[in-house]
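Contents: one structure, followed by commentary.
The values are calculated or read from the model by the stated rules, or taken from the named source; none is laboratory data. Only a predicted model underlies this, so the values are computations on that prediction, with no experimental measurement involved. Ideal geometry is used to build each Cβ from the backbone, glycine not excepted, and the neighbour counts take in all protein chains shown. Areas reflect the complete protein model, heavy atoms only, side chains present, ligands, DNA and RNA absent. Shrake-Rupley method; radii C 1.70, N 1.55, O 1.52, S 1.80 Å.
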Amino acid sequence: MVTYNLHGLRDDGAALERVIAAARADVICVQEVPRLPHRRLRWRRLIARHGLRTAGGHTRRGVAVLAGPRARVLHAESHVLKVFAGLEARALAVAVVEVEGARLAVGSFHLDLHEAARTCHAAEALELTEAVAARHDAEAVLGGDLNEHPCRPAWRLLAARLADCHAAAPRGDGLTFPAAKPRHRIDALFAARGLRVESCGGVEAASPDLTGASDHLPVLAELRVFP
């Protein structure tokens, strides 16, 4: 499982392809999916070349869940989150996927720079994803760009109900932004307690590709369903 802010596909497309290939993920939560027509065409071609498909998305708001060849897509929906005057509208993309018998309800989100909006949207995303998980007998997973550090309210709210994957099984320092000289951990994956986090860290790709592909680094978690 990966979460990755793509920076609108404004960077090195070849490097991004190599990072996605190196991740070898069954499911990818993406943020800042490109919205301009010419970049949208590049995006569709890129994911097709890697055997990925959009399992669920709200592309007007830049969030989506991608499924790899091994993932069977069972359900998809999207939601516009509470609108705050003067702020960018935010959304949640949710897909229910099954991989090797494990059923997951995966949500992708991108929180705002405004703290009150972030906390509100984190709570909404959590409730919506958990509701989808309950309806489909799945385990909830949330991935996204939180635009805040682990000590802040939105992060703490999510970590109180779901496991912060990097905190549970860290691999590396977990820093994700800015990609060239990461100083902040603002991108994360959160998993339901019914999932075991085997490891969580960065994607093992060439450093020039990681810094060239986006202004964020991806987060990769290996998850297992508890027997």
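Taken as a whole, the structure places E204 among residues that are open to solvent by 40 Å² or more (accessible area, probe 1.4 Å) and either part of a loop (DSSP other than H, G, I, E, B) or under 15 Å from V30 (Cα atoms) (or both).
Per the listing D112, D145, the residue uniquely out of contact with any Ser or Thr (no Cβ under 9 Å at 6 or more places or on another chain), surrounded by 15 or more Cβ atoms within 10 Å (Cβ to Cβ) and on the phi < 0 side of the Ramachandran plot is D112. For segment 23-32, a residue qualifies if it is surrounded by 14 or more Cβ atoms within 10 Å (Cβ to Cβ) and not aliphatic (A, V, I, L, M), and the qualifying residues are D26, C29, Q31, E32.
For segment 165-178, a residue qualifies if it is surrounded by fewer than 21 Cβ atoms within 10 Å (Cβ to Cβ) and within 16 Å of the chain's Cα centre (by Cα), and the qualifying residues are L175, F177. Residue check: L92 meets all listed conditions (1) surrounded by fewer than 24 Cβ atoms within 10 Å (Cβ to Cβ); (2) in contact with a Ser or Thr (Cβ under 9 Å, 6 or more places away or on another chain) but one, namely (1). Of the residues making up segment 207-227, those that are part of a loop (DSSP other than H, G, I, E, B) and open to solvent by less than 50 Å² (accessible area, probe 1.4 Å) are S214, D215, H216, L217, P218. The set of residues in segment 119-133 being among the aliphatic types (A, V, I, L, M) and crowded, with 20+ Cβ neighbours inside 10 Å consists of A122, A125, L126, L128, V132, A133. Considering R35, R42, R61, R72, the condition of being touching a Gly at 6+ places or on another chain (Cβ under 9 Å), within 28 Å of L126 (Cα to Cα) and open to solvent by 70 Å² or more (accessible area, probe 1.4 Å) is satisfied by R35 alone.
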